[in-house]
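Below is one structure; the comments refer to it alone.
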Amino acid sequence: MKILFLGDIVGRDGRNIVFEYLEKLRLENNIDLTIVNGENSAHGKGISYKIYEQFIEHGVDVITMGNHTYSKKDIVDHLTLMPKMIQPYNHILQYHQGYLLLNCQGLEVCVTNILGSAFMHDNAMSAFKAMDEVLSKTKSDIYFVDLHAETTAEKLLFANYYKELGGAIVGTHTHVQTADERILGNLAYISDVGMCGVYDSIIGRDVDEMIDNIVYGNKTHYTIAKGPAILNGVIIEIDEKDKKAVSIQRISLKPY
Ligand code: FE2
């Protein structure tokens, strides 16, 4: 089984590069399951129902989220129409499902989304307690966890603690791809997959605006950068017989 996961998709240019390459990536790599993180897809914060539909039309199987899940307020009214989206299981707002069970290549796959604790204010419980709850409610063959968290140490600790699970634990949220992908026990692991968004930016936001705000202390709007985008993701291969990860390969398509 081959799983394609794309990291935090930021704004219009991030969405467009995903729509441009998704089909090609799936076909060239014989992908069975496509998962994307959509928590920044609507102007950097949250997702809209329209964008959700676009992801589904482009063949996405599951959309994971993060601390910005409910940044677009009207999304709550559309959740019943968004069965392929999951919210972080331990998000402080409990409006939607925190995991999704799928059948893929004859195996049950549990896809879940969990918020880390360090520098994260929207988590209702620790990542470990959340994962333990998911495991107590499921008996899946394979687990795929999008661990949406700020620090590499917390993500590494989490992955080591759960390394006997078959599947993958992939980090999101920092928007910068790390080069530490590896097989850890029965898992495929990477501390952060990186974003799909404008390359010349501060993790997707406009550079000049950030200088104005952070360096000069001026009040600014939340402006998403415009320009050529980078696409970051991973391809994970699972041995269906052993129900273990066998490889993880980084993808990073830079515009120049
Ligand atoms: Fe985030």
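Derivation of every value follows stated rules applied to the coordinates shown; laboratory data play no part. The model shown is predicted, which means the values in this text are computed figures rather than measured ones. Please note: Cβ atoms are built from the backbone with ideal geometry, for glycine as well, and neighbour counts cover all protein chains shown.
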Limited to region 70-107, what total is found for residues that are under 13 Å from Gly38 (Cα atoms) and either aromatic (Phe, Trp, Tyr) or in contact with a strand residue (DSSP E or B) (Cβ under 6 Å, 6 or more places away or on another chain) (or both)? 5
Within 16 Å of the ligand (Cβ to nearest atom), more than 24 Å from Ile251 (Cα to Cα) and surrounded by 16 or more Cβ atoms within 10 Å (Cβ to Cβ): is that true of His68 in this structure? yes
Pairs returned, first residue in region 184-210 that is among the acidic types (Asp, Glu), second residue that is assigned to a strand (DSSP E or B), beta-carbon separation under 6 angstrom, 6 or more apart or interchain, are Asp192/Gly171
Could you look through region 163-189, keep only residues that are within 16 Å of the ligand (Cβ to nearest atom) and among the aliphatic types (A, V, I, L, M), and pick out the one that is surrounded by the most Cβ atoms within 10 Å (Cβ to Cβ)? Val170
Filtered residues of region 97-118 (kept if exposed (fewer than 15 other Cβ atoms within 10 Å of the Cβ) and either under 18 Å from Tyr70 (Cα atoms) or among the polar types (S, T, N, Q) (or both)): Asn103, Gln105
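Tell me, which strands (runs of 3 or more DSSP E) wholly within region 78-160 include 3 or more residues that are touching a residue at least 60 places away in the same chain (Cβ under 8 Å)? Don't jump to the end; show me each part of the working.
Working: elements: 99-104, 107-115, 142-148.
In region 78-160, the matching strands (runs of 3 or more DSSP E) lie at 107-115, 142-148.
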Give the residues of region 197-213 that are part of a helix (DSSP H, G or I) and within 26 Å of the chain's Cα centre (by Cα), sorted by residue number. Val207, Glu209, Met210
Among all residue pairs at least 6 apart or on different chains, which show Cβ distances below 8 Å where the first residue, located in region 226-246, is over 17 Å from Leu33 (Cβ atoms) and the second is among the acidic types (Asp, Glu)? Lys226/Asp13; Lys226/Asp206; Gly227/Asp13; Gly227/Asp200; Pro228/Asp13; Pro228/Asp200; Ala229/Asp13
With respect to Ile230, determine if the residue is away from the ligand (no atom under 14 Å from the Cβ) and not aromatic (Phe, Trp, Tyr). yes
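Taking Tyr99 as the residue in question, decide whether it is of a type in the set (Phe, Trp, Tyr), within 16 Å of the ligand (Cβ to nearest atom) and touching a Phe, Trp or Tyr at 6+ places or on another chain (Cβ under 8 Å).
Working: of a type in the set (Phe, Trp, Tyr): yes; within 16 Å of the ligand (Cβ to nearest atom): no; touching a Phe, Trp or Tyr at 6+ places or on another chain (Cβ under 8 Å): yes.
For Tyr99, the condition - of a type in the set (Phe, Trp, Tyr), within 16 Å of the ligand (Cβ to nearest atom) and touching a Phe, Trp or Tyr at 6+ places or on another chain (Cβ under 8 Å) - is not met.
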Pair list, Cβ < 7 Å and 6+ apart or interchain, from region 41-54 residues that are on the phi > 0 side of the Ramachandran plot to residues that are outside any loop (DSSP other than H, G, I, E, B): His43/Gly11; His43/Ile224; Gly44/Gly11; Gly44/Arg205; Gly44/Ile224; Gly46/Ile75
Please go through region 23-61 and pick out each residue that is away from the ligand (no atom under 16 Å from the Cβ), within 15 Å of the chain's Cα centre (by Cα) and surrounded by fewer than 24 Cβ atoms within 10 Å (Cβ to Cβ). Leu33, Thr34, Tyr52, Val60, Asp61
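Tell me, which residue of region 3-17 that is away from the ligand (no atom under 14 Å from the Cβ) and more than 14 Å from the chain's Cα centre (by Cα) is surrounded by the fewest Cβ atoms within 10 Å (Cβ to Cβ)?
Selected residue: Asn16.
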Exactly one of (1) farther than 29 Å from Glu20 by Cβ; (2) of a type in the set (D, E, K, R); (3) more than 16 Å from the ligand (Cβ to nearest atom) is unmet by Glu154. Its number? (3)
